[in-house]
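Q: My questions all concern the structure below.
The values are calculated or read from the model by the stated rules, or taken from the named source; none is laboratory data. Computed from a predicted model, the values in this text were never measured in an experiment. Every residue, glycine as well, gets a Cβ built from its backbone with ideal geometry; the counts of neighbours run over all protein chains shown. Heavy atoms of the whole protein, side chains included, go into the accessibility calculation; ligands, DNA and RNA do not. Shrake-Rupley method; radii C 1.70, N 1.55, O 1.52, S 1.80 Å.
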Amino acid sequence: MVACASIGLLSSVLGVTPLKVVKSWPQFMKIVVLAAVFCLTVVLGNVSLAFIPVSFNQAIGSTTPFFTAILAFTMQGQREVPLTYASLIPIMLGVIVASGGEPAFNLIGFTCCLAATALRALKSVVQSMLMTDPAEKLDPMSLLLYMSGVSVAFLLPMAVALEPASFREAGALVAGSPGFLYWLIGNSCLAYFVNLTNFLVTKFTSALTLQVLGNAKGVVAAAVSVAVFRNTVTVQGCLGYAITVAGVFLYSESKRRSKAAAAAGAQAAATGRSGGDVEAKGEREPLLASGTAAQPNGKTFFRG
């Protein structure tokens, strides 16, 4: 978050991207809520890993599109076509199948992971509202700068209070291996671009599409992991990822069809309005005219 705030501020000072100011107190409070939700999502996700396996964590996390669809409808009134909602089933089911077997259940870990999943969906919807609301629209880079600044204000005092030795340990790591600092800075800069593209996807598509792509990302990560680290993949894992990929394609096709239908409806409405304007003015298209300028008594026939 320090890297995100620093890069965003530097970009604004250099004039690469102009910073949009916060227009109102309610808008600022939404940014505070977004930052708080983001921090809680990461913290609760990490806490859950102390009690449940990664596979179970991923299986629960795969239900994020479901929560996102509910919140987007409740908070923004965004309604999808039935096929889009149906495509969420294989997207979630595939990750659950790929996670493999019956995971060890722990109530604390399950509760933390489920809360992190719901908060991740809420974060997507809130950031979508902040970037699409005509009265309070913020561009992705400005929103990321504000969110990361507020997040630092939340996380820094908590880190000092709860993990006072962490800064000393980080200093010892840097002193023992100078390369660690470069890896840390590089990783933090990459986090900036990850968050920025996250916001861009939300702005140009929707919060639901962002979470669907998040599930698809797991498939890509697994494929890259197999290619680079040559780790084994079970038949059940391949089946689960195949189901997820099929669901993503189904979701993409449903969005394409609904978009085409909406465009056709808008075009038909525009055509109807233009036709109504012509009739209102009493201008109808000539079908056949008899007579010429030299014969002013010629008759003109109109269609309709």
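Q: Quick check on the stretch 193-210. Is at least one of its residues touching a Cys at 6+ places or on another chain (Cβ under 9 Å) and under 30 Å from V248 (Cβ atoms)?
A: The answer is yes; a qualifying residue exists.
Q: Examine the stretch 88-95 for a residue that is farther than 26 Å from F51 by Cα and hydrophobic (A, V, I, L, M, F, W, C), and state whether such a residue exists.
A: Yes, some residue in the stretch 88-95 is farther than 26 Å from F51 by Cα and hydrophobic (A, V, I, L, M, F, W, C).
Q: Right, next: Residues that are more than 26 Å from R120 (Cβ to Cβ), open to solvent by less than 60 Å² (accessible area, probe 1.4 Å), modelled with pLDDT under 90 and of a type outside the set (D, E, K, R): does the stretch 210-225 have at least one?
A: Within the stretch 210-225, none of the residues are more than 26 Å from R120 (Cβ to Cβ), open to solvent by less than 60 Å² (accessible area, probe 1.4 Å), modelled with pLDDT under 90 and of a type outside the set (D, E, K, R).
Q: How about the stretch 34-66: which of its residues are open to solvent by 30 Å² or more (accessible area, probe 1.4 Å), part of a helix (DSSP H, G or I) and either modelled with pLDDT of 75 or more or at positive phi (or both)?
A: Listed by number, the residues that qualify are A36, F38, L40, V42, V43, L44, N46, V47, F66.
Q: Tally the residues that are touching an Asp or Glu at 6+ places or on another chain (Cβ under 8 Å) and either on the phi > 0 side of the Ramachandran plot or open to solvent by 10 Å² or more (accessible area, probe 1.4 Å) (or both), restricting the search to the stretch 130-167.
A: 0
Q: Just checking, how many residues over the stretch 1-25 are part of a helix (DSSP H, G or I), in contact (Cβ under 8 Å) with a residue 12 or more places away in the chain, of a type outside the set (G, A, S) and closer than 25 Å to A121 by Cα?
A: Total meeting the criteria: 2.
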